[in-house]
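To start, the structure under review is shown below, and the notes come after it.
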Amino acid sequence: MGIAQIGCCNTFCNNDSKPPLFVLFSFPNNTLIHSRYYPLYPPPTHAPVDHKHLSALAMKRRPDVLVLPSKVDPFYKVVDGNVLCINPGMLGKGTCAMVTVNPDDGAHSLVERVEVTIANCTS
């Protein structure tokens with residue numbers, strides 16, 4: 001289940017094909033709050049998830065960079081001040097994220113040293 005599907009699980013979502021922007025930008029927060037790589041916990045019973053293996057989706061440590069590809073428009077944002085969440089879009093649709101990590105000078109966190117560019121990767 002990705003960002004587009006999670007929006008449809010909320011009662012405020014209408015019949016549009018895209019969820020509202022606040023759903024898109026709360027998705028990374030929800031993933032971190034639930035500490036699961038599967039964004040909804042527990043997942044809906046109709047979701048294509050093998051419930052016997054849900055423990056494998058547990059987030060054992062908080063990541064510095066969390067990549068959450070989705071069919072919705074690409075974006076990146078810093079969540080909780082120290083986790084960089086990137087939705088590079090879908091490579092099949094021609095978008096990708098180029099991530100540059102600058103050297104550690106000891107004074108800056110990883111989030112402060114990363115540069116993200118969402119690019120057209122078809123050319």
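Under the simplified labelling scheme, the His46-Arg61 pair shows an inter-label distance of 3.9 nm, with each label point 7 Å from Cα along Cα→Cβ.
Taking label points 7 Å from Cα along the Cα-to-Cβ direction, Tyr37 and Asn82 give a separation of 2.2 nm.
Read-outs: derived from the displayed coordinates by stated rules, not from any lab. Since the model is a prediction, treat every value here as computed from it, not as a measurement. No Cβ is skipped: glycine too gets one built from the backbone with ideal geometry, and neighbour counts run over all protein chains shown.
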